[in-house]
Amino acid sequence: MARPASLSVAHRWLLWSEWRAYPGRALAAVLAIALGVALGFAVHLVNASALGEFDKAMHSVSGSADLEIRSANAFGFDEMLYPRVARLPGLDVSPVVALSALVDDKIQVSLEGVDVLRAGGMGQGASDGGAEGLADFLSGRSVYLSAAALSAAGRKVGDSMTLGANGHAIQVRIAGTLPSRANTNAVTMDIAAAQWRFGMLGRLQRLEIRLAPGIGTAGAMRMIRAVLPPDAIVTDTASEAARNDGLSAAYRVNLDMLALIALLTGGFLVYSAQSLSVARRRAQFALLRVLGMQRKKVLGQVLTEASVLGVVGAGAGVALGLGLASLALNLLGGDLGGGYFHGNAPQLVFAPWAAAIFGLLGVGAAVLGSMVPALAASRILPALAIKNAGDAVDPRVRARPWRAVVCLVGALLASLLPAVGGIALFGYVAMALLLAGGVMLMPWLARALVSPLRHVPLRHVPFRLATARLWGAPSQASVALAGIVASTALTVAMAVMVTSFRGSVERWLGDVLQADVYLIAEGGRGGFDAATLERMRKVPGVAWLGVLKETPLQFDARRPAVTLLARTLTGPGGHLALMGSRITVPAGATAVWVSEPASRIYHWKPGDTLTLPLPGSPKARVAGVWRDYARQHGAIVMDEGTYARLTGDRSRTSVSVLLAPGANSDTVVAGLRSAVGPGGGGVTVSRPQDIRRQALEAFDRSFLITYLLEGIAVCVGLAGVAATIGAQVLSRIREFGMLRHVGALRGDLVRMLLIEGALLGLVGGIAGVALGVAMSQVLIHVVNPQSFHWTMDTLLPWPLLGWVIAGLAVATSGTALVVGRSVLSADAVRAVREDW
Amino acid sequence: MLNVTGLVKTVPGGRTLFERLDLSLARGEFVAVTGESGAGKSTLLNLVAGLDSPDAGSVCIDGTDIAGLDDDGRTRLRRDRIGFVFQAFHVLPHLDLAHNVALPLALQGHDAHASLVAAEAMLASVGLGGRGDAYPRELSGGELQRVAVARALVHRPGLILADEPTGNLDPDTAARTLALFVDQVRHAGAAVLLVTHSTVAASAADRTLVLSPTGLVERG
């Protein structure tokens, strides 16, 4: 007997027969979703794996400490803080001296001086020793190396080596390895020996604190803050994690969003495929309604199709994403070329929850992409549609752009909203709304662009037929173009942003690289001391010598450190390119100039007074803001003389030199190297053109993944436009048959399809480029300033934009031509008599 | 079986197709409706099937006034009690003949096997026995219309609505298909409302009515 509740038999028959008849269309939709999910999932997996590795590395440094007091600058804090903190109740405190060092004058390592008796419980214990070994260790004659440092130095346990830091070098024996720091270049020695041998007497960089049972983190931090000097900060594991996360959060969100937009493009392709499929089966759905299929069952039929395609696509996408993530980790590293993490490629970690979420997003994109066509299918008027199996378009119906206008206004409003937790959430919302609004505007735009062509006094019949169709059925043109407009817009937006960014960076490099030669002291060398700098100034051929000291300053425990740049601000190479307003600081006050990212992150503006986390906590006035693309987390410039006065530090990390007219660069560099010391070791010499090349190479490397995502989006879009136009041409076979019956030559129809395809591509290209340029403005003026804290000037890559439009016109007309030629055979003549 | 009372229908533009049209069909009765092109023959069928709404009047099938049903209710009524035959055959090209014929049973919720067995039997009764696994493209126009007849009868509806069922066929094929159609509906005991231009097709009916703006007039 009948079971009215179940229509699964009919559903199954209809689904299966559709896919069997058109496997290519189903496959295209599955691929579009699979690629979107794969990109999103792969980017997420790579980010999660890299962050996991980074967290492990951070954990191996701080061990299992609950809290950490760290110096807000490179000079360390007064070691008398240690007994003050150790006396607080419920705290088990271990002091640490941390330095950047060189092994054998070539291998960069992080050197930690620890109290070996207290550090045993801090996870920094060495692997072997003995009474004699302990005596050696405590006297600073022996050290422990991580396996990575041992391997990099080409040494083994028992060997001797040179250890240099802070301008001092000593001979030490390798007493053993550090299992807890296996993957990082690390050296551990006794804390007192480290202070004594490397000029750090009385200073500490960290205090690691474990809380006794029953002592809460918040209470302990309050207690510690009461005794903390301004040049030290206390952090807990949460703020440490936030700081690590903050290092690359915006970059990762940016990639995640790009991947999601690729998924959105996939959704538009599903929309195109399903819309055509519904249009082609209009009469079939009408028949099903006449035979007794309820409206909601028709809706369910189309949505079930989309869900199955989405599930298959999402499953394939998760598998593909896993493979892509593994490949990307090996080829590009954990930051996908972004330059945020260093060291070995992290191990891929499968994330089942993320797989489920991206899988659901894939199914969601497929279902949402099918919602409009499904509703159209369910609203078909059976009596009308069954009589008229062909095109149901009424050219008199006006395109109504109000939905598009609502989306575009929404995008404008969203772009005015601030960042949420440092993430440009509303910027991405604005981009999605622009994309949706742009696609919705297509019918109106297609008609508006084609309308003037209808009045061209040309008696060329194929041209008139082509323009009449595009003008009369703009919504069908829009369906074909939805996917390609979305992917073109995304590509153009990214291309404009990257071109603008690259152009601004090039201009900025031109501003900052004013000297002829740069000498940089390698870490561990301790920089150039005052005597060395004086010798360098006297080298023949040196017309002007500027100095720079880079040192980190921690203003906020939850943010990465700001870089303090103490540099020469006078003379021909001392110019600082300022943006916006500037003030004159009163005599006697300390002036600092903050970088654009520092100004945006900390809301500093000219005239503000800052307390610098330097010894003595000096005050400084912000005199201006300067453009900087090198330090995303902010930088402050100060005159190097003022810095020396405030800190007593006269060592400098790098030197820039302007050559005297006629001086030979190589001779001067040789002289400068001699001035540094015998052999001139531990110094890197760079010329502006090398720095410029390396900087732009690093820039291109960091955008490699962006280019890849763009390329994939374009491929998905082009595949979609080919499939869509192909399907549209195939669905018009009876129209072609009729035209052949009334006397149109095969060549006329080929020309008509060629013109139609070219016009379609041009309309899509123009719309995609216009939308892309609009989206790029959101990226440039909203997403970048909110995520990365810098601004840039818009530069349009005109040749690329021209190629995009021309390429689309060629692709669409080519597809229409190829498919058209195959259907414009005798079949077309016969098709006019076929049932459907 | 079918009671149409006081039906009024105007089309966009204000033209009245019919005013106060009355029509009754008893179970097993075969009525043909003829009329000029544009007289509203197909619209009458759409109104009876609940695919279009009248401006006034009522359509009752087996005592159920379809005006009182919502879209789902009218759909269920069509699915369970009405069979359709169209001028264009409207056979789904991607389904084989057995699945095409079995579609109304599948839509009613019958299981696949039972539906296909019934469809094969129905195909045999219209002279297409053993061809259930063939696809529509392999058939001639006459054969396709026989498939459509089989589909219209497979779920044993009480009322068959036929719109120019022989309009796409040559005279000989049309005659053979019509004979088979009449034979099958008589055998099934269904009432038939046939709209047609063809006097040959109309002559097979128990009575013939002519549709005009004033209503239906019995042809003598």
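The values are calculated or read from the model by the stated rules, or taken from the named source; none is laboratory data. Predicted, not measured: the structure shown is a model, and the values here were computed from it. We place every Cβ from the backbone using ideal geometry, glycine too, and count neighbours over all the protein chains shown.
The set of residues from the range A:85-104 being more than 29 Å from A:L228 (Cα to Cα) and surrounded by fewer than 16 Cβ atoms within 10 Å (Cβ to Cβ) comprises just one member, A:D104. Going by the conditions given, is A:V270 in a helix (DSSP H, G or I), buried (at least 23 other Cβ atoms within 10 Å of the Cβ), at pLDDT below 80 and away from chain B (no Cβ under 14 Å)? In short, yes. Within the range A:444-487, the only residue that satisfies the criterion of being part of a loop (DSSP other than H, G, I, E, B) and under 43 Å from the mean Cα position of the chain (by Cα) is A:A473. Inside the range B:22-45, residues that are in contact (Cβ under 8 Å) with a residue 12 or more places away in the chain, away from every other protein chain (no Cβ under 14 Å) and charged (D, E, K, R) make up a count of 3.
Each row is one residue, and each column tells you yes or no for (1) over 23 Å from A:A147 (Cα atoms); (2) assigned to a loop (DSSP other than H, G, I, E, B); (3) touching a residue at least 60 places away in the same chain (Cβ under 8 Å).
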| residue | (1), (2), (3) |
| --- | --- |
| A:G164 | no, no, yes |
| A:A169 | no, no, yes |
| A:V172 | no, no, no |
| A:G176 | no, no, no |
| A:T184 | no, yes, yes |
| A:M189 | no, no, yes |
| A:L201 | yes, yes, no |
| A:E208 | yes, no, yes |
| A:I215 | yes, yes, yes |
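Yes/no matrix, rows are residues, columns are (1) out of contact with any Cys (no Cβ under 9 Å at 6 or more places or on another chain); (2) closer than 28 Å to B:A175 by Cβ; (3) acidic (D, E); (4) away from chain A (no Cβ under 11 Å):
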{"position": "B:L47", "(1), (2), (3), (4)": "yes, no, no, no"}
{"position": "B:D52", "(1), (2), (3), (4)": "yes, no, yes, no"}
{"position": "B:L69", "(1), (2), (3), (4)": "yes, no, no, yes"}
{"position": "B:A124", "(1), (2), (3), (4)": "yes, yes, no, yes"}
{"position": "B:G129", "(1), (2), (3), (4)": "yes, yes, no, yes"}
{"position": "B:A134", "(1), (2), (3), (4)": "yes, yes, no, yes"}
{"position": "B:E143", "(1), (2), (3), (4)": "yes, yes, yes, yes"}
{"position": "B:A148", "(1), (2), (3), (4)": "yes, yes, no, no"}
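Scanning the range A:287-309 for residues that are closer than 18 Å to A:R20 by Cα and within 14 Å of chain B (Cβ to nearest Cβ) gives A:Q301, A:E305. Checked against (1) surrounded by 21 or more Cβ atoms within 10 Å (Cβ to Cβ); (2) part of a helix (DSSP H, G or I); (3) within 13 Å of another protein chain (Cβ to nearest Cβ), B:F84 passes all but a single condition, namely (2).
When the residues of the range A:521-549 are filtered to those that are at pLDDT 85 or above and under 33 Å from the mean Cα position of the chain (by Cα), the one that is farthest from A:T570 (Cα to Cα) is A:K549.
Here A:S94 fulfils each of the conditions (1) within 14 Å of chain B (Cβ to nearest Cβ); (2) at pLDDT 80 or above apart from (1).
Within the range A:46-84, if we keep just the residues that are modelled with pLDDT under 75 and of a type in the set (S, T, Y), the residue that is nearest to A:P352 (Cα to Cα) turns out to be A:S49. Taking the listed residues A:V585, A:V594, A:V562, the one that is farther than 24 Å from A:G662 by Cβ, free of Cβ contacts under 8 Å to residues at least 40 places away in the same chain and either buried (at least 17 other Cβ atoms within 10 Å of the Cβ) or not assigned by TED's automatic domain parsing to the domain that holds A:W626 (or both) is A:V585, with no other qualifying. A residue that is in a loop (DSSP other than H, G, I, E, B), closer than 30 Å to A:S787 by Cα, assigned by TED's automatic domain parsing to the domain that holds A:V676 and out of contact with any helix residue (DSSP H, G or I) (no Cβ under 9 Å at 6 or more places or on another chain) occurs nowhere in the range A:527-536. For the range A:638-703, the helices (runs of 4 or more DSSP H) that sit wholly inside it and include 3 or more residues that are at negative phi and over 36 Å from the mean Cα position of the chain (by Cα) are A:640-647, A:665-676. Taking into account only those residues within the range B:105-122 that are buried (at least 19 other Cβ atoms within 10 Å of the Cβ) and more than 10 Å from chain A (Cβ to nearest Cβ), which is nearest to A:L288 (Cα to Cα)? So the residue we want is B:A119.
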